[in-house]
Amino acid sequence: MRALGQEVSNWGRWGSDDERGTTNLLTAERVSAAAGLVRTGEVFALGIPLDGDGPQPGGLRINPIRLMSENGQEQVLPGGFKWADDFVFMPLQAGSQYDSLAHVHYDDQLYNGHPGDGVTVKGADKCGIHTQAGGIAGRGVLLDIARARGVDWLEAGTAIGPDELDEVAAAQGVEIGAGDILLFRTGWRKKFLTERDPNSFMAGEPGLSLACAKWLRDKDIAVVGSDNWAVEVMPGEHPGTAFELHMVLIRDMGMTLAEMLDFEDLSQACAADGRWDFFYTGPPLPFTRGVGSPINPMAIR
């Protein structure tokens with residue numbers, strides 16, 4: 001893992017102080033070109049509902065809890081005016097979300113060599129999610145791995161390798177370009193909607209193999225996202241290790257990960273007309289020093 005991390009490292013590529021990593025690839029020119037992909041104006045929300053019926057089984061993370069602070073029923077105000085308010089208690093990574101570049105690290109260093117001990121009870125002093133608040137938007141590409149394999153969803157522990165990514169892209173007739181936001185569908189969201197079993201959803205997953213790190217670096221992908229909860233295959237490929245691809249992508253490459261997205265409607269539309277690229281927009285919420293953020297990204301075709 002460490003050797004691979006050195007091979008694909010983006011440290012210093014955008015300066016010694018950089019905290020954004022591969023989202024630097026989302027240049028104004030690329031965003032402008034991606035806007036030209038909007039033809040019909042169809043909008044597909046890719047975020048999952050933020051409610052108590054989500055995929056979190058409890059423990060480390062829970063599903064969102066929403067509470068009413070005012071409902072208007074006990075208010076007596078001039079002219080009959082009534083108002084309601086509510087608030088939410090939730091982990092920032094309970095549903096559809098981005099991992100910030102401070103989310104994981106190893107050997108006491110974050111992305112770009114920033115000190116790992118800068119992540120404290122106060123949050124992350126470097127690489128927090130607020131550094132991505134300028135927006136994550138550009139050309140999105142969906143690779144439908146489950147559809148290509150002819151299954152509703154891949155089984156947990158199924159590794160997706162670089163060759164398969166190339167094969168699915170070729171079969172779909174879509175080219176992957178520098179600065180793309182690469183999304184891949186495993187059917188894991190469909191599994192959850194079918195079974196409604198958070199424990200099964202979180203027990204393992206199909207996902208990218210460690211070898212995909214070099215493929216993502218060679219393609220100069222800006223963001224990678226999936227309908228599973230960790231992007232990479234779980235259990236991992238090497239006994240005695242955990243989240244190796246997370247460490248290489250986030251810590252070494254500076255790549256933002258999008259997790260637990262919903263591609264079900266989007267994949268149907270893409271398959272119907274053969275267009276697998278679109279304008280993607282998915283800004284994070286700018287929680288200062290946060291290590292993640294809930295999102296409701298959109299694919300606009």
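The values are calculated or read from the model by the stated rules, or taken from the named source; none is laboratory data. Computed from a predicted model, the values in this text were never measured in an experiment. Every residue, glycine among them, receives a Cβ derived from its backbone with ideal geometry; neighbour counts consider all protein chains shown. Accessible surface is based on the protein model in full, side chains and every heavy atom, while ligands, DNA and RNA are left aside. Shrake-Rupley method; radii C 1.70, N 1.55, O 1.52, S 1.80 Å.
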Problem set entry | Global form of region 68-179, assessed from the alpha-carbon gyration tensor, a/c cut-off 1.5 | oblate
Problem set entry | Estimated distance in nm for a label pair at GLU42 and GLU70, the labels positioned 7 Å out from Cα along Cα-to-Cβ | 4.2 nm
For this session: Count the net charge of all other residues whose Cβ sits under 14 Å from the Cβ of ARG39, scoring Lys and Arg as +1 and Asp and Glu as -1.
Result: 0
Exercise. With each pseudo-label sitting 7 Å past Cα toward Cβ, what's the ASP152-GLU175 distance in nm, one decimal?
Worked result: 3.8 nm
Exercise. Applying 1/(1 + (r/R0)^6) with R0 = 41 Å to the Cβ-Cβ distance of GLU167 and VAL88, what FRET efficiency is obtained, to the nearest 0.05?
Worked result: 0.45
Seminar exercise, completed: Total charge of the residues flanking PRO162 in space, meaning their Cβ is under 12 Å from its Cβ, with Lys and Arg +1 and Asp and Glu -1, is -2
Problem set entry | Full-stretch length increase - GLN268, SER16 - with 0.36 nm per residue and alpha-carbon distance subtracted | 86.4 nm
For this session: Give the accessible surface of region 1-77 per residue, rounded to a whole number of Å², with probe radius 1.4 Å and ligands, DNA and RNA excluded.
Result: 62 Å²
Exercise. When the chain is fully extended, how far beyond the present Cα-Cα distance does LYS122 get from ALA211, taking 0.36 nm per residue of separation?
Worked result: 28.6 nm
For this session: Measure off 7 Å from each Cα along the Cα-to-Cβ vector at ASN296 and ALA203, then give the distance between these two points in nanometres to one decimal.
Result: 3.3 nm
Seminar exercise, completed: Expressed in angstrom and rounded, the centroid-to-centroid distance over alpha carbons for region 255-270 and region 149-182 is 13 Å
Seminar exercise, completed: With the 8 Å Cα cutoff and a minimum separation of six or more residues, the chain has a relative contact order in percent of 32 percent
For this session: Taking the convex hull of the Cα atoms, report for the chain its projected area averaged over all directions, in nm².
Result: 18.3 nm²
Exercise. Using a Gaussian network for the chain with springs between C-alpha atoms less than 10 Å apart, which of these wobbles most: ALA133, ALA159, ALA171?
Worked result: ALA171
For this session: Would you work out what percent of the accessible area of region 41-110, with all protein chains in place, is carbon or sulfur (probe 1.4 Å)?
Result: 55 percent
Exercise. If you wrap a convex hull around the C-alpha atoms of region 1-48 and split its volume per residue, what is the figure in Å³?
Worked result: 152 Å³
Problem set entry | Full-stretch length increase - LEU77, ALA3 - with 0.36 nm per residue and alpha-carbon distance subtracted | 19.9 nm
